[in-house]
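Notes follow the structure.
Each reported figure results from applying straightforward, stated rules to the coordinates on display, with no laboratory input. Nothing here was measured: the structure is a model prediction, and the numbers come from that model. Methodologically, a virtual Cβ is constructed for each residue, glycine included, from the backbone with ideal geometry; neighbour enumeration extends over all protein chains shown.
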Amino acid sequence: MTTPILHGPNFSTYVRTVRLTLREKGVAYDQDKFDITQGCPTEQRARHPFGKVPALTHGEFCLYETFAICRYIDEAFDGPALQPDDPRDRARMTQIIQVMDNYAFSTAAGQIILQRILMPILGREPNEDIIAAALPKAQKAFAVLNGFIGSGSHLVGSAISLADLHLIPNYHYFLRTPEGRAIAETSPGLCRWWDGMQTRPSVTETEA
């Protein structure tokens, strides 16, 4: 079978979600790494018309958008299932991923992580006004995610799913900020979830 190629750099949270999915499925792959912060290569724009990462090519088939890529990997290759069989659990998994993309990541990654981690790397001071404006939204989004976990150790059901793999990269970065650590202290479900996730081989092997 043709080896899939993942296009995008390891520091990208969404690229890492795909790497986690490939690792959990046991799928061998090649990776086309490039620094998206220096501009999107022409070849990647041909694969992704919005100039983002990741993209996946598998023979003549090309796909972009992380959730679509991860679903394809789960359904096209042998290995442990990463989507629940029960339709309600599968719908909940999709709902949680959309909560992350639409509410959690836009504030945590798009604003707080950007200011706290990336700006100092670029030699710039974090914008505290942006962080202060984003914090209430991040608190609400992560409170919702904490509620989904309840008394369990996974976001959906009793086994790892694409929802868990979607959250891991952003949560890992978020814990490197004081805002993220403060939210974690009031989120027992997320703390329990992270205690189980951070030692998985897929997580340790894909850390950027």
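Brief remarks on what is shown
- Burial ordering of Arg23, Arg47, fewest other beta-carbon atoms within 10 Å first: Arg23, Arg47
- Of the residues Lys33, Lys137, Lys52, the one that moves most in a GNM of the chain with alpha-carbon contacts below 10 Å is Lys33.
- Shape analysis of the stretch 87-205 yields a ratio of the Cα radius of gyration to the Kirkwood radius, Rg/Rh, of 0.98.
- Spatial separation of Cα centroids for the stretch 27-42 and the stretch 131-208, in angstrom: 26
- Taking packing as the residue-averaged number of other Cβ atoms within 10 angstrom, the listed peptides 189-198, 63-72, 117-126 run from highest to lowest as 63-72, 189-198, 117-126.
- The alpha-carbon positions of the chain define a convex hull whose volume is 119 Å³ per residue.
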